[in-house]
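This report concerns only the one structure given below.
Please treat every number below as a calculation from the coordinates, not as lab data. Just so it is clear, the model here is predicted, and its values are computed rather than measured. Virtual Cβ from ideal backbone geometry, glycine too; neighbours counted across all protein chains shown.
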Amino acid sequence: MARGLADSDFSSAELTRAHLDRIAAVDGQLNAFLHVNAEEALTAAQSVDERRAAGEELAELAGVPIAVKDIIVTVGQPTTAGSKILEGWMSPYDATVVTRLRAAGMPILGKTNLDEFAMGSSTEHSAYGPTRNPWNTDRIPGGSGGGSAAAVAAFEAPLALGTDTGGSIRQPGAVTGTVGVKPTYGGVSRYGAIAMASSLDQIGPVTRTVLDSALLHELIGGHDPRDSTSLTDEPTGLVDAARDGAKGDLSGVRIGVIKELSGEGYQAGVRARFEESLELMRQAGAEIIEVSCPSFSYALGAYYLIMPSEASSNLAKFDGVRFGLRTLPEGGPETIERVMGATRAAGFGEEVKRRIILGTYALSAGYYDAYYGSAQKVRTLIQRDFDAAFEQVDILVSPTAPTTAFALGEKLDDPLAMYLNDIATIPANLAGIPGMSLPNGLAEEDDMPSGLQLLAPARQDVRLYRIGAALEALHEGQWGAPLLSRLPEQAEGEN
Ligand code: GLN
C-alpha cells in the first residue's frame, strides 16, 4: 500500500475510504471496533495526499491507515479501555505512539475492542460485547487485543497497535493468523497507554506480515523522555533485517526449542504444525537445539501475583472523581468513599474486580513477602533461565498459545482455564524480552490458525525480524500463498 501511494496508483483518501467501507460491511458481525473515526481519518488522508502532491518528503507509511487498541489514548476520539468506568471519557492528550503515527501522516481509522483494561485472553471481558474471530465467528479472536487482531485479519485495517502485558498482542496474533510483536520492555513508549501492570506492559505492532511489523515498530519505537522506563536505543535495522531475512536462509542460526513450552497440554494440531516448522527451519540451515527453562513452571503463578498487584494500584485512580463514570450511592450520605464505592461497583466488570481483590490481598501487610515478594524472586529465576538459554542459542521458539481459538463462552466461567492460555507468552513479559508471533498454519482438528512464537534477548528485537521473515518466506514457499488468503469470506451486512 505504501508503494501504491508513493507511485500514485491510488490516494490515501481512496485507501482510507476503502477500509472504512470494509469496516461498515463486516464489523457489524465482528465488533472489532468500539469507535470508527471516519471523518477525521479522511481529513488526515486528504492532508497527506496534498502534502504528497506538493512534493513533500513523507514517511514510508504516510497515508496508510491504522487502527489503535482502545487502551491507548487519543485526542478527539473516546478511550474506554473496554470499561464502563471510562464510557464517554475523552483524553486531553495523545499517547506518544499516536503522536508519532499522526506525524507520519497515518490516518487513524478508529479504536479497537479489548478485554476490560486488557485483562483477558478472549475479548469477552469487554464491557461492549465480544469481538468475533474472522476465521469462525463462533470462536474468540484472542485477547486482550482481539479487536486489533480481528481488524487486521479481516482486512478492516492494514495495521494496528496493541498492548502486551502477558501475551495480548501475541496470542490474538496466533489465533487469527496475523503477526504480532511485543518489543523489548522500554523499546516503545508507554506514555498514554492506560497502565494495567506497568512493569510488564508494552505497546507493539499488529500486522499481516513481518515486514509490516518492522516498518511500524521503527516508526513507533525509540526514546521518549515522557516514559521513565524508555530505553535510549533507537529502533533501527528492523526493516533491513526483515528484508534480508525474507531470503529464507537460516544457515548457522541456532534455534532453541523450550522444552517446558511444547509438550503436554498443547493441542495436537498446534504441536504438529510446530514440529513441521522446526523441520522447515532445519532444512533452511538452522540448528535446532532443545533447551530447558525449569522455572517456567512458576511463571503463570508469579504473573498472576505481580500483574494484579500492579493493576490494583494502577486502577485506584478510577474513583468517580477524576475520570468518566460517577455513580451516586443509593440512600445515605454522598461521602467520597461511598461515591467511590458505588462508581467502582457499577463501573468495573467481574474480571477487573477479581484482579483488584487478588492484588490488594497479595500486597497487604503480612502477605506481601509471602506472595508479592516470592513472585518477584521467581521473576529473577525466569530471567536467569532465559540468560542461560541464550548462551546456547540465538533465538527461542515455542507455540504461541497451547490451543487454537476456543469457542465463545467456553472459558468464561473458568478464569483459571482462561489464564492457562497465556502459559507460553507470559515468561517474556516477566523477563522484559521481545517476542513475536507468526502465523503457523491451520490446525487439522478445526482448520483454525495456530501461531509460532519467537523470543530474543532484550534489545535484540532485530533477531525476531530476521528469523521471523525467514520463516514467513519458508511458509509461503510451502503453502504457496500467505495463510490469510485462506480466510473465509466475511458475510457482509448492515453495520
Ligand atoms: N491474557 C493475559 C491476562 O489476562 C494477558 C493480558 C495482556 O497481555 N494485556 O492478563
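Tabulated data
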{"item": "Summed side-chain charge close to residue 342 - residues other than residue 342 whose Cβ falls under 15 Å, Lys, Arg +1, Asp, Glu -1", "result": "+1"}
{"item": "Spin-label pair residue 321/residue 489, simplified geometry with 7 Å Cα→Cβ offset, distance in nm", "result": "5.8 nm"}
{"item": "The chain, dipole about Cα centre (Lys/Arg Cβ +1, Asp/Glu Cβ -1), debye to the nearest 20", "result": "960 debye"}
{"item": "Per-residue [θ]222 nm for the chain (sum of -39500 (n - 2.57) over DSSP H runs n ≥ 4, rounded to 500)", "result": "-12000 deg cm²/dmol"}
{"item": "Simple spin-label estimate for residue 103 and residue 276 in nanometres, 7 Å along Cα-Cβ", "result": "4.4 nm"}
{"item": "Alpha carbon centroid spacing (whole Å) that separates the stretch 104-165 from the stretch 173-223", "result": "14 Å"}
{"item": "13 Å beta-carbon shell around residue 20, net charge (K/R +1, D/E -1)", "result": "-4"}
{"item": "The stretch 393-447 shape via C-alpha gyration tensor axes, a/c threshold 1.5", "result": "oblate"}
{"item": "FRET efficiency, 1/(1 + (r/R0)^6) with R0 56 Å, evaluated for residue 18 and residue 297 via beta carbons", "result": "0.70"}
{"item": "Amide H partners (placed H, <5 Å) of residue 89, local residues excluded", "result": "79"}
{"item": "Full-extension gain in nm, residue 244 to residue 335, via 0.36 nm per residue minus C-alpha separation", "result": "26.5 nm"}
{"item": "Cα centroid of the stretch 26-44 to Cα centroid of the stretch 402-438, whole Å", "result": "27 Å"}
{"item": "Space enclosed by the convex hull of the alpha-carbon atoms of the chain, per residue, Å³", "result": "142 Å³"}
{"item": "For the stretch 253-280 versus the stretch 320-397, the gap between their alpha-carbon centres in whole angstrom", "result": "32 Å"}
{"item": "Residue-count net charge about residue 11 - beta-carbon cut-off 12 Å; Lys, Arg +1, Asp, Glu -1", "result": "-2"}
{"item": "Under the Karplus curve 6.51 cos²θ - 1.76 cosθ + 1.60, θ = phi - 60°, whole-Hz ³J(HN,Hα) for the stretch 363-380, x wherever Gly or Pro sits", "result": "8, 6, 4, x, 10, 3, 5, 5, 9, 4, x, 5, 4, 5, 5, 4, 4, 5"}
{"item": "Contour excess over end-to-end distance, with Cα ends at residue 57 and residue 283 and 0.36 nm allotted per residue", "result": "77.1 nm"}
